[in-house]
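What follows is a single structure, written as structure tokens, with notes after it.
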Amino acid sequence: MITVRKLTVYGAGWCPDVKRSRALLDAGEVDYDYIDVEADEAAEKAVRELQGGNRRIPTLVWPDGTHLVEPTDPELTAHLEGR
């Protein structure tokens, strides 16, 4: 179980989906931690645990434990707005 105090975004700098999700969060002035799974073995392990062994990015984890994997902009926006 991953415990976070604010939104955590797991990704990699080369990934266009990560860049897109981070741009949406930045535009909305959402406070989040970014962790590069290629530079942090523990983070990669955490992502794989959430995904049953897979490593798909971006993976976004909220303080309540909910998470999204490779969300579209509409999916991410809906989650941020509580829909």
| note | ALA23 passes all but one of the listed conditions (1) surrounded by fewer than 18 Cβ atoms within 10 Å (Cβ to Cβ); (2) touching a residue at least 24 places away in the same chain (Cβ under 8 Å); (3) aliphatic (A, V, I, L, M); the exception is number (2)
| remark: Of (1) in contact with a Phe, Trp or Tyr (Cβ under 9 Å, 6 or more places away or on another chain); (2) of a type in the set (A, V, I, L, M); (3) modelled with pLDDT under 95, ILE2 satisfies every one except (1)
| message | Given the condition out of contact with any strand residue (DSSP E or B) (no Cβ under 9 Å at 6 or more places or on another chain), of a type in the set (Val, Ile, Thr) and at pLDDT 95 or above, answer yes or no: does some residue in the stretch 59-77 qualify? | response | yes
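The values are calculated or read from the model by the stated rules, or taken from the named source; none is laboratory data. Source: prediction; values computed, not measured. Don't worry about glycine lacking a Cβ; one is built from the backbone with ideal geometry, like all the others, and counts go over all protein chains shown.
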